[in-house]
Amino acid sequence: MLPIQLIFILLILGVIFFLVDRFLPMDATIKTILRVAVLLCLGWWLLTIFGLLAIGLIKVVAILITCGVLLWLAETVFPMSEVFRYVIRAVVVLALVAWLLSFFGLLSLPARLR
């Protein structure tokens, strides 16, 4: 992709963000969720375009950041009891630790889970 096309896409995205913030009546929480989701997708897309997701360590960091942001959104947006919140955190952390151990070859997981 040419740098001019990339700049054009980023400018369009910025204009869309501005228009949504300025003219669409929406709860601030919903706007935050939309911004974060679009920025995560944009970051993932840019990493894919430049071929950086092929590098293992950058892929690990990108997945950890994505999981962290999604966990943060789930905890701040959805009202839930402390026990349920603790269970969600524990499940996500255990799944990420198992995935990391499998990624670095320290744990053998079935092929479907990789």
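No lab work stands behind these numbers, since they all come straight from the coordinates. What you are looking at is a predicted structure, and each value in this text was computed from that prediction instead of being measured. FYI the Cβ positions are ideal-geometry reconstructions off the backbone, even for glycines, and counts take in every protein chain you see.
Model label sites at LEU64 and ASP21, defined 7 Å from Cα along the beta-carbon direction, differ in position by 3.0 nm.
Remark: region 45-88 is approximated by an ellipsoid whose semi-axes, taken from the C-alpha gyration tensor as √(5λ), come to 30, 11, 5 Å, largest first. On full extension, the segment bounded by LYS31 and PHE78 gains 15.5 nm, given 0.36 nm per residue less the C-alpha separation. Summed over qualifying helices (DSSP H, 4 residues or more, each -39500 (n - 2.57)) and divided by its residue number, the chain shows a 222 nm mean residue ellipticity of -26500 deg cm²/dmol.
Taken along the Cα-to-beta-carbon direction at a fixed 7 Å, the label points for VAL97 and ILE55 span 2.9 nm.
May I ask for the Kirkwood hydrodynamic radius of region 1-60, worked out over all distinct Cα pairs and given in angstroms to one decimal?
On the way: mean 1/r = 0.0761 Å⁻¹.
Result for region 1-60 stands at 13.1 Å.
Placing +1 on the Cβ of every Lys and Arg and -1 on the Cβ of every Asp and Glu, with no other charges, gives the chain a dipole of roughly 220 debye about its Cα centre.
On average, how much area does the Cα convex hull of the chain cover when viewed from any direction, in nm²?
Numbers: hull surface 37.5 nm².
Averaged projected hull area, Cα only: 9.4 nm².
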